[in-house]
Amino acid sequence: MTKITLRRIILAAVAVVLISVAAVATAFASAYWDYLMTVFGSSRLNTDSTTVNTALALGDDLVQEIAEDSIVLLRNENDALPLAEDERKVNLFGYASTENGWVYSGGGSGGTIFNTDAAPAETVSEIAVSLAEAFESEGFEVNPELEKLYNDFSSYNVTAAGGIGDLYNPPASVYTHAVLRQAIDF
């Protein structure tokens, strides 16, 4: 039988402390690696005004390019907007344009808090207006064939489910020539 001496106990305690310190240091270094490399690394962050201003200008150019490629409704090519009084028919594309798919509030930074002082929370779905209802209340006619296409695709109801779920739009194969022709003719 091995004799336990004070020396062995002290060595074991020191080993446990060193292993614990190494584990904590590794966890800390992993969590703050980028910061540690910025402060102690050989290549420091270049913050001279020329480099920063160039990066900001490139970022502004990129944001402008993305906006120009994305915000097509606001281009108003051929003076399409505002719609003339006799042009009161609209095609609403996407499952979220339907009553079942309309999300009354986003999540995270897109979240909205309804004024439950004006109406109890249970009636929010009754007072909220879907995209189609908003258009119709302004005198527009919403393409019923597209609305049926999306409602037939999914019966998932965001409001009934109590929040945002997985809203899936139909695959591209659903948009046949006949579907697109009907939307154009509408």
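The values are calculated or read from the model by the stated rules, or taken from the named source; none is laboratory data. Since the structure is predicted, the reported quantities are computational estimates derived from the model, not experimental observations. So basically every Cβ, Gly included, is an ideal-geometry build from the backbone, and we count neighbours across all protein chains shown.
Check the stretch 100-109 and report whether any residue there is at pLDDT below 65 and at positive phi.
Scanning the stretch 100-109 turns up at least one residue that is at pLDDT below 65 and at positive phi.
Note down all Cβ pairs under 8 Å where the first residue falls in the stretch 16-29 and is surrounded by 10 or more Cβ atoms within 10 Å (Cβ to Cβ), the second is at pLDDT below 90, and they're at least six residues apart or on different chains.
Pairs that qualify, where the first residue is surrounded by 10 or more Cβ atoms within 10 Å (Cβ to Cβ) and the partner is at pLDDT below 90, are 29/36.
Out of curiosity, is residue 142 in contact with a Lys or Arg (Cβ under 9 Å, 6 or more places away or on another chain) and either modelled with pLDDT of 65 or more or more than 28 Å from residue 170 (Cα to Cα) (or both)?
Yes: the conditions hold for residue 142.
Only residues that are at pLDDT 70 or above and either part of a loop (DSSP other than H, G, I, E, B) or not hydrophobic (A, V, I, L, M, F, W, C) (or both): list them for the stretch 41-58, please.
49, 50, 51, 53, 54
Select from the stretch 67-93 the residues that are surrounded by 10 or more Cβ atoms within 10 Å (Cβ to Cβ) and at pLDDT below 75 and list them in ascending order.
Correct list: 75, 76.
Give all pairs with beta carbons closer than 9 Å in which a residue from the stretch 84-105 that is farther than 13 Å from residue 148 by Cα meets a residue that is of a type in the set (Phe, Trp, Tyr) and modelled with pLDDT of 75 or more; count only pairs at least 6 apart in sequence or on separate chains.
Final answer for the pair search is 88/140; 89/140; 89/186; 90/135; 90/140; 90/186.
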